[in-house]
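Enquirer: Take a look at the following structure, please.
The values are calculated or read from the model by the stated rules, or taken from the named source; none is laboratory data. These numbers were taken from a predicted model, which means no experiment stands behind them. Cβ atoms come from the backbone with ideal geometry, glycine included; neighbour counts cover every protein chain shown.
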Amino acid sequence: MNQFIERTQLIQEWIYDAAKLIKSSFEENLDIQQKSNRNDLVTNIDKAVEKQFIEKIHQFFPGERIMGEEGFGDEFQNLDGIVWIIDPIDGTLNFIKQQYDFAIMVAVYEDGIGQAGFIYDVMQDKMYSAHKGKGAYCNKKKLPPVKDLSLKEGLVAISSALMSKEEGLARLVGRASSGVRLIGSAGIETAHVASGQLIGYIAASLAPWDIAAGKIIAEEVGLIYTKMNGSSIDLLQKNPSLVATPTAHKEIIMLLNTKK
Ligand code: IPD
Ligand code: CA
Ligand code: CA
């Protein structure tokens, strides 16, 4: 059996343990710190979850490198070998302000190629997962390949940063599609594109840990995941990102070009 499939049970156990830790914090006072701006926050729980994953990976897979959002992992100049990419809480603002719509995301890459991706929507208890070439799942149910819907046939999620920085684009996409939605978790939004509830998700600037797991899941159901200009995602940097059905992907890139 593929070694990345063998890891699944462990990874999912670790994710469910992390979800328990997160939920047990709901009654506590969080220690909240500001990172780059007042909407870019980190809590003691984000940090504790990341540390817990790193401890488990070191114990079970010593020598493998880890990229974690909160900086407890390794430094990266390349993606050689096996690399774990972890977002301990995706949607930290939602976690703090809503206790809802946040996810735990784990991905395993080998030489830059996505092998296994997990997005766990904690409050909906939905585990989205995929292994390269083996399809994607929501809990134990296989996700069918996406219908190649066009922009006018579906809803498109956008990031809050995209809406505030690129008002024009949000308006264009809103008019051309059935409508725009904002959830505030790149992971959950990508999972909803993969499960057919949305036809696309556009974000002004996603970090590698916002993208890594979702890209594997998205590609397994036939979605296209690129930078906003159509070029390949670079997991060593932030990327203006676009994931959509093949037809909506082309249409959104055309809209972006008309805007220039
Ligand atoms: C953020 C969320 C948000 C997206 C931001 C991300 P975080 O992740 O996914 O929806 O718009 O770009 O940084 O910081 O909550 O893990
Ligand atoms: Ca994130
Ligand atoms: Ca995060």
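Condition check ((1) over 16 Å from ALA244 (Cβ atoms); (2) at pLDDT 95 or above; (3) more than 16 Å from ligand 2 (Cβ to nearest atom)) across all residues:
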{"residue": "SER164", "(1), (2), (3)": "yes, no, yes"}
{"residue": "GLY168", "(1), (2), (3)": "yes, no, yes"}
{"residue": "LEU198", "(1), (2), (3)": "no, yes, yes"}
{"residue": "ALA207", "(1), (2), (3)": "yes, yes, no"}
{"residue": "ILE217", "(1), (2), (3)": "no, yes, no"}
{"residue": "GLY222", "(1), (2), (3)": "no, yes, yes"}
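Enquirer: Can you go through GLY117, GLY187, GLY73 and tell me which one is within 16 Å of ligand 1 (Cβ to nearest atom), part of a loop (DSSP other than H, G, I, E, B) and within 24 Å of GLU6 (Cβ to Cβ)?
Expert: Sole residue among the options that is within 16 Å of ligand 1 (Cβ to nearest atom), part of a loop (DSSP other than H, G, I, E, B) and within 24 Å of GLU6 (Cβ to Cβ): GLY73.
Enquirer: If you take the residues of the stretch 151-181 that are crowded, with 16+ Cβ neighbours inside 10 Å and of a type in the set (Ser, Thr, Tyr), which of them is nearest to GLN197 (Cα to Cα)?
Expert: Looking at residues that are crowded, with 16+ Cβ neighbours inside 10 Å and of a type in the set (Ser, Thr, Tyr), I get SER177.
Enquirer: Can you name the residue in the stretch 170-184 that is of a type outside the set (Val, Ile, Thr) and assigned to a helix (DSSP H, G or I) and, of all such residues, is nearest to ligand 2 (Cβ to nearest atom)?
Expert: The extreme case among them is ALA170.
Enquirer: Please state which one of GLU219, GLU251 is away from ligand 3 (no atom under 16 Å from the Cβ), within 13 Å of the chain's Cα centre (by Cα), outside any loop (DSSP other than H, G, I, E, B) and of a type outside the set (Ser, Thr, Tyr).
Expert: That would be GLU219, the only listed residue that is away from ligand 3 (no atom under 16 Å from the Cβ), within 13 Å of the chain's Cα centre (by Cα), outside any loop (DSSP other than H, G, I, E, B) and of a type outside the set (Ser, Thr, Tyr).
Enquirer: Inspect all residues belonging to the stretch 123-138 and state whether any of them is within 14 Å of ligand 1 (Cβ to nearest atom) and in contact with a Ser or Thr (Cβ under 8 Å, 6 or more places away or on another chain).
Expert: no
Enquirer: Given (1) more than 12 Å from the chain's Cα centre (by Cα); (2) hydrophobic (A, V, I, L, M, F, W, C); (3) surrounded by fewer than 24 Cβ atoms within 10 Å (Cβ to Cβ), identify the lone condition not met by ALA207.
Expert: Evaluating ALA207 over (1) more than 12 Å from the chain's Cα centre (by Cα); (2) hydrophobic (A, V, I, L, M, F, W, C); (3) surrounded by fewer than 24 Cβ atoms within 10 Å (Cβ to Cβ) leaves (1) as the failure.
Enquirer: Working carefully through the options ILE54, ILE32, find the one that is modelled with pLDDT of 95 or more, among the β-branched types (Val, Ile, Thr) and out of contact with any Cys (no Cβ under 6 Å at 6 or more places or on another chain).
Expert: ILE54
Enquirer: Can ASP87 be described as of a type in the set (Asp, Glu) and either under 19 Å from GLN9 (Cβ atoms) or under 15 Å from the mean Cα position of the chain (by Cα) (or both)?
Expert: Judged against the criteria, ASP87 is a match.
Enquirer: Which residue, of SER205, SER195, is within 13 Å of ligand 1 (Cβ to nearest atom) and either closer than 27 Å to GLY133 by Cα or of a type in the set (Ser, Thr, Tyr) (or both)?
Expert: Within the list SER205, SER195, the selection yields SER205.
Enquirer: Would you mention how many residues in the stretch 140-152 are in contact (Cβ under 8 Å) with a residue 60 or more places away in the chain and outside any loop (DSSP other than H, G, I, E, B)?
Expert: Residues meeting the conditions: 1.
Enquirer: Then there's this: Going by the conditions given, is GLY214 part of a helix (DSSP H, G or I) and not β-branched (Val, Ile, Thr)?
Expert: Yes: the conditions hold for GLY214.
Enquirer: Name the residue that is farthest from ligand 2 (Cβ to nearest atom), counting only residues in the stretch 101-114 that are part of a loop (DSSP other than H, G, I, E, B) and not aromatic (Phe, Trp, Tyr).
Expert: Going through the qualifying residues, I end up with ASP111.
Enquirer: Moving on to the next point. Name the single residue, out of those in the stretch 7-37 being in a loop (DSSP other than H, G, I, E, B) and within 13 Å of ligand 1 (Cβ to nearest atom), that is surrounded by the most Cβ atoms within 10 Å (Cβ to Cβ).
Expert: Looking at residues that are in a loop (DSSP other than H, G, I, E, B) and within 13 Å of ligand 1 (Cβ to nearest atom), I get LYS35.
Enquirer: Further question on the same structure: Give the residue, chosen from ILE45, ILE57, that is in a helix (DSSP H, G or I), more than 18 Å from the chain's Cα centre (by Cα) and within 16 Å of ligand 2 (Cβ to nearest atom).
Expert: Only one candidate qualifies: ILE45.
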